[in-house]
Structures are given as C-alpha cells and as structure tokens.
Amino acid sequence: MQRLAVMLWLLCLAVACQAQTPREDFKKNVGWSGGSFTAYPGPLQPKLTPPPGGKRPFYISHYGRHGSRHHTKYEDFDYVLNVLEKARHEGVLTPLGTDVLGRVRRLREDVNGHVGELTELGVSQHRDIVRRMYKRFPEVFKGDVVVDAHSTLAVRCLISMGNALLELQKLNPRLQINMCASQADLAYLSYNDRRLTEKAPSRENRLIYEQFCEAHPTWERVVSQLIGDTAYVNRYVNGERFNYFLFRLASNVQSVALADELTLYDLFTEEEIFRNWEKENIYWYMGFGFCPMNGGEQPYSQRILLRTIIEQADSCLALPRPGATLRYGHDTMLMPLLCLLGVDGYGQSFTDISLLAEKGWLDYRAVPMGGNIQFVFYRKNPSDDDVVFKVLLNENEARLPIATDIAPYYHWSDFRRHYLSLIEAYEASHPED
C-alpha cells in the first residue's frame with residue numbers, strides 16, 4: 001500500500017509538472033511572466049500528503065525571500081521616462097505613448113523615497129505565509145517553544161521577518177521568539193562567492209545570450225505603438241533596452257498599491273510577454289543554475305547556507321521541542337540553493353537554453369516575491385531515530401533527486417549523507433575557495 005501511494009504521488013507530480021507550461025500559466029495570471037517580480041501566489045496545492053505511520057511534525061527549517069517590494073533603482077523608471085519625454089518634445093509621441101508617459105510618471109511618483117522598500121503587499125505576504133505554516137503544523141508551534149529568526153541587513157528583509165514574527169506572536173503569545181540581524185549571519189544568509197560570481201558572466205554565456213535575444217526580438221512593435229516616427233526611433237532609441245525597462249516596470253506593478261488602477265501589460269502581445277519572460281528566465285539560469293557554459297558550478301555558491309541548514313537542523317533534532325528556524329534573505333541566494341538541492345528539477349543542466357521552459361525550469365515558480373523553502377520534520381516521539389521530512393517550495397510539496405520509499409517524504413539520514421557528500425566533494429576539488 002505504501003509503495004502504491006508513492007507511485008500515485010509521483011504520477012500526480014509528473015502530471016502537474018507537465019501542466020506547468022509558461023504560456024498557459026500566463027493566460028491564467030499574466031503576473032507570473034514577471035519571473036522574480038511575480039507577487040507571491042500562495043500555495044497552489046490545496047491538500048498536503050499525510051505523513052507516514054504515526055509521525056508528527058515537530059520542527060521547521062525555512063529560508064525565505066523578502067516580500068513584494070518597490071523597484072531597487074530609479075533607473076527603471078527614468079530610462080523609460082527620458083525616452084518618452086524626448087519623443088514628446090520632438091512631436092513624435094503617439095496618443096498611446098502620451099498615455100503611457102502619464103502611467104510611468106505615476107509609478108515613478110509612487111516609488112519616490114521608497115526605492116527597494118517592502119510594499120504593503122509584501123507585509124501581508126509574510127504574515128500569510130507564517131499563518132498558514134502555523135495552521136498546517138500546529139504541533140511545531142505549541143506552547144512556549146522557541147522560534148529562532150535571522151535576517152540579512154536589508155530593510156525589506158528585516159521588515160519581512162518582523163511582520164512574520166508579529167503574526168506568530170499574535171497566534172501564540174507564549175512563543176519564545178529570538179530575532180536577529182547581524183553582520184555575522186551574512187556569512188551564510190547572503191554569502192557572495194567571489195570566484196563563482198566572476199565566472200557567471202562568462203564570454204561564452206554572454207555571446208549565447210546575446211544571440212538568443214537577437215533571434216527573438218520583442219521591441220519593434222512595442223516601440224512603434226508609442227513613438228510614431230520610425231526614422232527617429234532608428235536614430236535615437238535603443239529599442240531593446242527601452243523594452244527591457246518597460247517590461248520590468250510592467251512586471252512589478254502587481255506588487256505596488258497602484259496595481260488596482262493601472263497596468264502596462266496591455267502594451268505587449270501574448271507572444272511578446274512570453275519572449276520577454278523567456279529571456280529573463282534564461283538570464284537566471286545562466287547566472288545561478290548548473291549552466292555548463294560558465295563551469296556548471298554556480299549553485300555551489302550556497303553550499304555554506306545548505307551546510308548551515310543541515311548543521312542547525314541536526315542540533316535542533318536533538319531537542320525534545322525544537323520549534324522553528326526562520327531565515328530571511330534574497331532571491332539571489334534562494335535560486336542557487338534550490339538548484340544545489342535539485343528541488344523540482346532546478347538542478348538540471350542544459351546546453352540548449354531554449355529547452356528551459358519545456359523542461360520546467362521556471363523562475364516564477366521558484367523565486368517569486370516572498371518565495372520560500374520549508375523543511376518540515378516528523379517523528380513519532382523524541383526517541384524516534386528515523387526522522388523524516390518533506391520539502392515545501394512556496395508551500396507546495398516538492399521532490400528531491402534522492403531515493404525515498406515514502407514520497408513526498410524523505411529520510412533525514414539519507415538527505416544529510418547525500419548533500420554533505422556533494423559539498424565535501426566540491427570543497428575538496430576547490431581548496432582555494
């Protein structure tokens with residue numbers, strides 16, 4: 001019966017993965033085309049798989065990205081505004097272009113003084129995430145257990161953590177909450193591997209990416225509907241760059257208060273939306289995935305984070321009531337961590353970058369605003385040596401590339417053996433790191 005349940009779960013997972021095609025997803029929610037700008041969708045899986053015989057949740061280990069935020073640079077707005085304003089001054093802006101100029105001005109005014117800050121939506125996302133965590137796994141947060149929370153020093157991460165903890169305290173005032181944001185924690189919460197960072201934008205990577213973008217242009221129709229003089233556009237407008245910033249603005253509207261009043265997605269066709277997303281998805285893969293064109297090692301940038309998660313879990317598993325460990329950071333750490341773990345196929349390696357969408361390597365499923373990974377641990381009692389766990393990616397049950405007889409659950413001993421061996425093998429072959 002257990003084997004049948006595992007087979008059925010794997011079959012359902014395979015069907016679900018096949019259904020996750022970007023074009024279909026974007027028809028359901030165009031905001032998903034924003035990739036890492038996607039506003040957190042909440043769990044897509046309505047019911048979780050019950051644990052194997054008699055085991056109960058007792059500890060959660062988590063790493064989460066901050067919630068929805070404003071743009072981190074004024075440049076996104078100012079580049080688009082400068083192009084449109086110069087075209088208006090020259091008398092070549094179309095009526096639609098004039099309308100779009102007004103929309104972008106409103107967005108620019110909205111962000112003034114708030115660059116990179118968490119929005120109200122970002123606040124509610126993290127309150128909602130821990131509320132669901134509390135309700136799904138009440139045993140973990142029972143009584144006066146400890147919740148140990150750590151954040152990077154970025155204000156949007158600090159406020160994400162603070163609101164999550166406020167929500168937990170409201171749900172259970174007896175919780176013993178430790179909240180920390182320290183330079184010392186950055187060694188694992190936001191580690192920058194200089195050697196790997198320098199290898200990511202390899203010459204081969206850049207050439208392949210540029211060739212792909214040239215083969216799939218997305219800007220000509222978009223620009224022509226805003227600026228009516230082709231000769232002017234050819235002489236004064238970098239269409240590809242303008243389109244890049246305009247689509248970024250369109251993607252992040254969903255995270256700000258003006259989302260109820262305006263959109264920029266109406267400027268793009270379905271094909272243009274897909275192609276704009278595809279380019280950004282490829283960028284994420286080439287920078288953070290197991291991309292062979294830059295050495296195929298980028299995910300190991302988060303080996304220290306993964307080792308810390310394992311070591312802290314080992315310490316907590318020795319306690320009768322360990323509670324939860326919550327960590328708050330960034331998408332640029334979460335994505336390579338997911339790739340290093342191989343969660344839901346993100347550990348795949350492609351030489352043909354056009355295959356990413358087809359094979360399910362989708363940035364918006366991995367690192368939306370508020371994106372998170374949760375390790376939920378189960379045992380029968382404190383003397384139970386067979387600790388098992390499951391992984392939730394954005395609150396949905398996920399798969400790992402290791403053997404298990406209790407899917408979607410895994411034996412912790414198998415997990416730690418497998419991933420510590422990976423880390424140790426990498427570090428042995430790179431003693432200078």
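Just the projected area, averaged over all directions, of the convex hull on the alpha carbon atoms of region 32-76: how many nm²? Mind dumping the intermediate values first?
On the way: hull surface 20.8 nm².
With the hull built on Cα positions only, its mean projection is 5.2 nm².
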Looking at the P(r) of region 362-413, how many percent of alpha-carbon pairs lie beyond 12 Å?
67
How high is the relative contact order of the chain, in percent, counting Cα pairs under 8 Å that sit 6 or more residues apart?
29
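Pop the C-beta distance of Arg235 and Asp314 into the FRET formula with R0 = 45 Å and round what comes out to the nearest 0.05.
Values: r = 63 Å, r/R0 = 1.41.
The calculated FRET efficiency here is 0.10.
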Can you give the convex hull volume of the alpha carbon atoms of region 168-242 per residue, in Å³?
239
Once you place label points 7 Å from the Cα toward the Cβ at Arg321 and Gln176, how far apart are they in nm?
0.9
How high is the relative contact order of region 57-149? Use alpha-carbon pairs under 8 Å, at least six apart in sequence, and give a whole percent.
47
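Write down the percent of antiparallel bridges among all DSSP beta bridges whose residues are both part of the chain, to the nearest 5. Show your work: numbers first, answer last.
Working: 23 of 40 bridges.
Once the DSSP bridges in the chain are tallied, antiparallel ones form about 60 percent.
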Taking the Cα centre as origin and putting +1 on Lys and Arg beta-carbons and -1 on Asp and Glu beta-carbons, what dipole magnitude results for region 318-385, to the nearest 20 debye?
360
With the cut-off at 18 Å, report for region 265-326 the share of all Cα pairs above it, as a whole percent.
62
Can you give the percent of C-alpha pairs in the chain whose distance is more than 40 Å?
20
To the nearest 0.05, how large is the calculated FRET efficiency for Asn82 and Glu427 if R₀ is 51 Å and r is the Cβ-Cβ distance?
0.60
Restricted to pairs 8 or more residues apart or on different chains, the lysines in the chain with C-alpha atoms under 18 Å apart form a number of pairs equal to 13
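Bear in mind that the values in this text are calculations on the coordinates, not laboratory data. Model, not experiment: these values are computed from the prediction. When we count neighbours, we look across all protein chains shown, and the Cβ atoms used for this are built from the backbone with ideal geometry, even at glycine.
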